[in-house]
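Read through the structure below, which is laid out as structure tokens, and then see the notes.
The values are calculated or read from the model by the stated rules, or taken from the named source; none is laboratory data. Keep in mind that what you see is a predicted model, and the values were worked out from it rather than measured. Neighbour counts are summed over all protein chains in view; Cβ atoms, including those assigned to glycine, are modelled from backbone coordinates with ideal geometry.
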Amino acid sequence: MLYRCAMAYDPLEVEPRWQKYWEEHDTFRVTRRPGRPKLYVLDMFPYPSGAGLHVGHPEGYTATDIVARFKRMNGFDVLHPMGWDAFGLPAEQHAINTGTHPAATTHANIQIFRRQLKRLGFFYDWSREVNTTDPGYFKWTQWIFLKLFERGLAFQAEIPVNWCPELGTVLANEEVIDGKSERGGFPVVRQPLRQWQLRITAYADRLADELESLDWPETKQKQREWIGKSEGAEVDFPLVGHPGHLTVYTTRPDTLFGATYMVIAPDHRLTLEITSPGHRAEVETYVRAAARKSDMERTALNKEKTGVPIGARAVNPLTGKEIPIFTADYVLGAYGTGAIMAVPAHDERDFEFAQKFALPIVEVVSADGALHEGLDAAYVDEGIAVRSGQFDGLRTAEMKAQVTAHLEQQGIGRRKVNYKLRDWVFSRQRYWGEPIPIYFPVKTDGDPRSGAAYTIDYGSPIAVSEAELPLALPELDDYKPGDPSGPLAKALDWRFFQKDGKWFARETNTMPQWAGSCWYYLRFLDPHNDAEIFSQKSYDDWMPVDLYMGGSEHAVLHLLYARFWHKVLFDIGVVKHPEPFSKLVHQGMILGEPQMTAYRDGSGAYVSADLAKAGDDDQVVNKETGVALEPVKLDESAVEKRAGHFVLKEQPAVKVQSIAFKMSKSRGNVVNPDDVVRDAGADSLRVYEMFMGPLEQVKPWQTAGIQGVRRFLDRVHTLSTRELSAEMDAETAKLVHRTVKKVGEDIEALRFNTAISAMMILVNRLNGLERTPREALEKLVLCLSPFAPHLAEEVWAGLGHAPTILDAPWPAFDPHLCVDEQLELAVQVNGKVRGRALLAKDASEDAARAAALADENVRRHTEGKVIRKVVYVPGRVLNLIVG
RNA sequence: GCCGAAGUGGCGGAAUUGGCAGACGCGGCGGAUUCAAAAUCCGCUUCUCGCAAGGGAGUGUGGGUUCAAGUCCCUCCUUCGGCACCA
């Protein structure tokens, strides 16, 4: 569909012309000018996928582009860079399938992305473009890894990891969703493997606490929950008939008197050791079964608690009573100490387990201080201690403090802070990633490259010297994964080398995709510096990032990892701010065009949409019967609205849903920005995406909506082709100044939709005038230029100004013209608007009352009644209370 | 289950500190222009009663505070996002 018309300007001619101008004149190159304020506006850089740009990309990019252009016109030096997060699985997968080197695929995709972005007129300083796969870039990624290694923050461990056989790689916990890989949705199993890990837990406290000062949205809360700090105590329970003790972690030391049994995780190192011979067979079976369970099975089966007694007993250190020990997979080996004291009276899980195994339930916290028998549910709230010996009568908070102090005194417990956050598994068994710059001593009798037997001493990792960086990837014939040591193990000439007559082997794991994106905002400061990661001057020029825009899918992973690296760099004096991103904004996802959707069951009969419920795997099921339903796309004409619901015209009992789905290839509702640019122009795409609604909100795409902004831009152009006038009437002048004020304020607050609406109102007014007031058009075009830069340049030049409009100052407004001296006051009688009165804005109450009663309709509602009260808010409302 | 965000016309959405609900755009209807159409321009467009003037209802539900509630408080429902045996 083409939106062009005979009178309209032709974006396909205008836009490339200005793009060429900007390129030839280096318009977007940024320099730091002394005495100017600075602004660093950053977009989350994309992974250059083979699919090209998606309409979701330009949403955030346009938003930051508007801010960047606006601030530049306001005298700021603005850093607004773009680059490529180009390591990653798809290019490698492509290499496995076709033999094409991932670097070639990546390079080709970047060409496409860059061309697409340039077609949208973004004000990026392309001279600062970075690419994480460029050796000049990953040299510094490796350099940061060495800093982590030197400080003991990068270490190896043999740990059960999320091994994805299909992808042939290990995934971070964050990359596993419902037991499947985030990318591709392949099954994931737990398996022990030697891995590099980063000790992010050492920074847990600072990562949680230092969120405080940041201007971030709900993301802060998500990160806090992810870090999962909790305060409690560790308590030692002596084992019966066994030396030593079993240590538990609890956040409720106040309930210790109610601990009637213990549970140890199946993967706890003591589980089999303390199991009595009589229970060994049963426990071993349970432990093996638990180890095999993937996370998916565990969540699927979490309805019923399972577990077995291990035949060992421990002593409750406060009651002195012997209590049994169980193993159960509802206790996780990796959290806390891997063992718990079970207090069934005050913990839902323990209560459920105790009921199933007929274990004693002893109330030790009472809401009212009285004793209760036969609890029918766990009481998890705070209260007053009972059945707790010398501690009886204490409130929960005080009880916690006193019990902990008592335990510390006795040397059988201690205060303890715990985190859900785990250390970050940092190795991937992949080719297309940064090589980890570490090597190991090798024992061999010959040349391991030609098949001599060898043993690698993984216990003695050696850092590659900084002078040898970047450590580049070797060429490979075959990128196939499968071997847990990764495809690089096949590059024998690269892997093994001799130094001083001794053999060494390089690490064959590579870094995860997060590595390059952890610090790219720093490389933009000084992207061509070979000697340093960046110069001090460039840091002082631009840091910190003033506005960071990107999808909320990165709320935890990328943003937590990047903050962690930044804090490490802060500790070693590389950066000067504890936090990298002062302000963060997530643009909302753009969904596909809404579709009228009805549901049919297996027999083909329609089922009312309120019975449809999303099941697993994108399936829709009848929520009463569980039967799978088939969604059917309907034409609008088959549907009507009755009593607040859409229903089938033919069968009004059947409700129909209007749903906007996520854009996906399989649904066929993907909108390609190239098509939109071809049909309506880049400016229309930019303005439409900003006009759709609030930036942070999820919004459905509506192709017809582009029509409206295209008409708006056409009208702006038409205004410039009419006869211009040096005069301007007072009403128009007022509107012009108010528009300038509102657009500026709205851009500052990222309310682009209402800024555009204000400009539309002004254009509608100018359109109704005989001739276009020159001043009005100039101010309008300046206001519009951050949104629709190509059209703005065109009109600006047409008005006789030298390019570029980016160098023109942001228009001023006269505040006096933005307030009304006279205004219409709403007149209410008993709270209902009955009329209006034209009044000076600071009119007295008496004057307002007189004017109100002059209104015929107001009189009708007050006649014969007594005015009991008058509420007058000057400039807003006059409310007459009659009775 | 827990945490967070949000429910406003046929649709996307506006609405400063509580002060005229529905700005702006889409769609629809009517008109101008045209041989005709497209495009463009103008008008109307929450529902409802009324010829009109005007009246009534109305921001997910039910209550509350207030002269006045989309906005504040409580209850419940729904949708979306995140977490999910974290002791």
Listed by range, strands (runs of 3 or more DSSP E) wholly within region A:589-632 having at least 1 residues that are loosely packed, with under 13 Cβ neighbours inside 10 Å and either under 27 Å from the mean Cα position of the chain (by Cα) or modelled with pLDDT of 75 or more (or both) are A:612-614
Exactly one condition in (1) out of contact with any helix residue (DSSP H, G or I) (no Cβ under 7 Å at 6 or more places or on another chain); (2) more than 8 Å from RNA strand B (Cβ to nearest atom); (3) assigned by TED's automatic domain parsing to the domain that holds residue A:766 is false for residue A:651; which is it?
(3)
Checking the condition under 18 Å from residue A:345 (Cα atoms) and touching a strand residue (DSSP E or B) at 6+ places or on another chain (Cβ under 7 Å), which residue from A:247, A:275, A:271, A:255 passes?
A:255
Residue among A:33, A:72, A:128, A:119 that is surrounded by fewer than 17 Cβ atoms within 10 Å (Cβ to Cβ) and charged (D, E, K, R)
A:33
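Can you confirm whether region A:201-211 contains a residue that is within 30 Å of residue A:391 (Cα to Cα) and not hydroxyl-bearing (Ser, Thr, Tyr)?
First, the residues of region A:201-211 that are within 30 Å of residue A:391 (Cα to Cα): none.
Scanning region A:201-211, I find no residue that is within 30 Å of residue A:391 (Cα to Cα) and not hydroxyl-bearing (Ser, Thr, Tyr), so the answer is no.
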Residues of region A:831-882 being within 11 Å of RNA strand B (Cβ to nearest atom), of a type outside the set (Val, Ile, Thr) and within 16 Å of residue A:820 (Cβ to Cβ), in sequence order, are A:836, A:837, A:838, A:839, A:874, A:875, A:876
Please indicate, with yes or no, whether at least one residue in region A:686-703 is more than 32 Å from the chain's Cα centre (by Cα) and at pLDDT 70 or above.
no
Name every residue in region A:759-774 that is in a helix (DSSP H, G or I) and either surrounded by fewer than 20 Cβ atoms within 10 Å (Cβ to Cβ) or away from RNA strand B (no atom under 12 Å from the Cβ) (or both), in order of residue number.
A:760, A:761, A:764, A:765, A:767, A:774
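Do the conditions hold for residue A:312, that is, is it more than 8 Å from RNA strand B (Cβ to nearest atom), modelled with pLDDT under 95 and surrounded by 19 or more Cβ atoms within 10 Å (Cβ to Cβ)?
On the way: more than 8 Å from RNA strand B (Cβ to nearest atom): yes; modelled with pLDDT under 95: yes; surrounded by 19 or more Cβ atoms within 10 Å (Cβ to Cβ): yes.
Yes; evaluated as a whole, the condition is true for this residue.
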(1) over 33 Å from the mean Cα position of the chain (by Cα); (2) crowded, with 16+ Cβ neighbours inside 10 Å; (3) of a type in the set (Asp, Glu): which one isn't true of residue A:723, the others all being true?
(2)
Give region A:164-208 a look and list any residue that's modelled with pLDDT of 85 or more, under 20 Å from the mean Cα position of the chain (by Cα) and within 14 Å of RNA strand B (Cβ to nearest atom), or say none.
A:204, A:208
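Determine whether residue A:754 is among the β-branched types (Val, Ile, Thr), surrounded by fewer than 19 Cβ atoms within 10 Å (Cβ to Cβ) and out of contact with any Ser or Thr (no Cβ under 9 Å at 6 or more places or on another chain). Reasoning before the result, please.
Numbers: among the β-branched types (Val, Ile, Thr): yes; surrounded by fewer than 19 Cβ atoms within 10 Å (Cβ to Cβ): yes; out of contact with any Ser or Thr (no Cβ under 9 Å at 6 or more places or on another chain): yes.
So residue A:754 fits the description; yes.
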